[in-house]
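The structure under discussion appears below in the form of structure tokens.
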Amino acid sequence: MSDFLRRLGLNKYESDAYMTLLKLGSESAFKLSSKSSVPFGRIYDSLKNLENKGLVEIVPTKPKKYKAVKPDLALNSFLDEKNNEIEKLRTELGEFVKTVSKENETESNITVTKGKHNFAKLVSDHFNYKDEFWATSEGFKLEKWFPSIQRYAKRPPSSRYIFVDKTKADVGRLKELIHFGMNIKHFPLENVRILISDEELVTISIQEPNSEFVNINLRNKYLGKAFIKMFRIIWKEAEKI
């Protein structure tokens, strides 16, 4: 029985006081302490807690006595209150999750990685874009993107823009990519690669010669929109392939 009461949320002293009162019927706090394992210094707060939980009633005598409410009445009522508290917590949990989700939507979630392999994985993430994709590239490795470009060829051509350095690329290959719906213009950008998709996923890779790639990846709609605004201005001036 004590284990059951503990599972309901009663502490050791509350459980012992309630079990002892069930055996005695009614008793004063002083005598209850002496007949149970509850120290006198803890008996009053234990009885007060039991009273608040509906498990104990006060008998108006002198000295004041306490009486245990029958388990079938007290514990069923106590469980009903617990269930109500749980339902209230479920409702509050739903509101909490919504609030946290909204806050997370505004977070940047910045990650920094190193190496070519990690950069390649970040590039592949951008091919899941829904509306718009911008990127800079040297151009000579652009054919590695070819399968992904073909996969998304049905999307509007205006949704894909890439700046390349045509002096380092196979122009014939670039024209083939243009045929598949990729907008490509010449704009050399040394040792830095920038990719933006859906105005919020931003990847910046610093690729210095003889050094490991440093890749910065984040979701931030303000930074994404700023980059795209800048790219649109550059696009108007960039040279056609």
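Bear in mind these aren't lab numbers, they're just calculated from the coordinates by the rules spelled out. Everything numeric in this text was worked out from a predicted model, so none of it was measured. Glycine also receives a Cβ, built like all others from the backbone with ideal geometry; neighbour counts cover every protein chain displayed.
Work the Kirkwood hydrodynamic radius out for the chain: mean of 1/r over every pair of different alpha-carbon atoms, inverted, in Å.
Kirkwood radius, the chain: 23.8 Å.
Hey, got the dipole for the range 1-106? About the Cα centre, +1 on K and R Cβ, -1 on D and E Cβ, debye to the nearest 20?
Here the range 1-106 has a charge dipole of around 680 debye.
Just tell me which aspartates and glutamates come within less than 17 Å, Cα to Cα, of residue 166; anything on the same chain fewer than 8 places away is out.
Cα-Cα hits under 17 Å: 138, 143, 176, 190, 237, 239.
So how much slack lies between residue 236 and residue 81, counting 0.36 nm per residue of separation and subtracting their Cα-Cα distance, in nm?
49.0 nm
Give me the tail of P(r) for the range 1-106 as a percent: Cα-Cα pairs with distance above 20 Å.
Tail of the P(r) past 20 Å holds 47 percent of the pairs.
Could you tell me the center-to-center distance, by alpha carbons, between the range 192-237 and the range 174-188 in angstrom?
Between the Cα centres of the range 192-237 and the range 174-188 lies a distance of 18 Å.
So for the range 170-219, averaging the separation of alpha carbon pairs under 8 Å that are six or more residues apart and normalising by length, what relative contact order in percent results?
That works out to 24 percent.
My understanding is that a pair violates if its Cα-Cα distance is over 32 Å; which of 82/221; 114/229; 175/229; 130/168; 121/185 do that in this structure?
Exceeds cut-off: 82/221.
Give me the distance in nm between label points sitting 7 Å out from Cα along the Cα-to-Cβ direction at residue 3 and residue 208, one decimal.
Output for this residue pair reads 6.6 nm.
So, R0 is 41 Å and r is the distance between the beta-carbons of residue 22 and residue 124; what FRET efficiency does that work out to, to 0.05?
0.05
Net charge near residue 43: determine it from the other residues with C-beta under 11 Å of the C-beta of residue 43, scoring Lys and Arg +1 and Asp and Glu -1.
So the surrounding residues net to 0.
List the relative contact order of the chain as a percent without decimals, with contacts defined as Cα pairs under 8 Å and 6+ residues apart.
Result for the chain is 15 percent.
Order the peptides 85-93, 59-67, 197-205, 223-231 from the highest to the lowest mean number of other Cβ atoms within 10 Å of their residues.
So the peptides 85-93, 59-67, 197-205, 223-231, ranked by packing, come out 197-205, 223-231, 59-67, 85-93.
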